[in-house]
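Peer 1: The structure is given below, and queries will be raised subsequently.
Any read-out appearing in this document is the output of simple, stated calculations on the displayed coordinates, not a laboratory observation. Since the model is a prediction, treat every value here as computed from it, not as a measurement. Note: ideal-geometry Cβ built from the backbone for every residue, glycine included; neighbour counts use all protein chains shown.
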Amino acid sequence: MKIKTKSAGLTVAALMLGAAIGGCAVAAYPQPHMFAARHALLSARYQLSIAAHNKGGHRIAALNAVNAALVQVNQGIHVGAYR
């Protein structure tokens with residue numbers, strides 16, 4: 001099986017760039033767990049927003065809970081930045 005050199009090279013370059021950026025992001029933020037939690041909540045909010053609307057109000061309740069959690073995480077990040 002022959003792999004196209006150009007596309008393989010681009011894939012390797014993209015992976016290396018992603019690793020470099022990811023490594024820098026973890027090192028740059030002194031609160032990696034809070035930022036990871038924020039990212040997970042943003043992903044959850046997106047998934048809930050595109051879910052079917054036939055959940056008997058539970059989808060909306062979950063969206064409200066995620067939004068409230070995001071407020072708390074953002075406040076925690078802000079407070080943690082100054083301690």
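Peer 1: How long is the gain from ALA62 to TYR82 if the chain were fully straight, where each residue apart is worth 0.36 nm and the alpha carbon distance is subtracted?
Peer 2: 4.1 nm
Peer 1: At a Förster distance of 22 Å, what's the computed FRET efficiency of ILE50 paired with ASN74, Cβ-Cβ distance as r, to 0.05?
Peer 2: Values: r = 22 Å, r/R0 = 1.02.
In this case the efficiency is close to 0.45.
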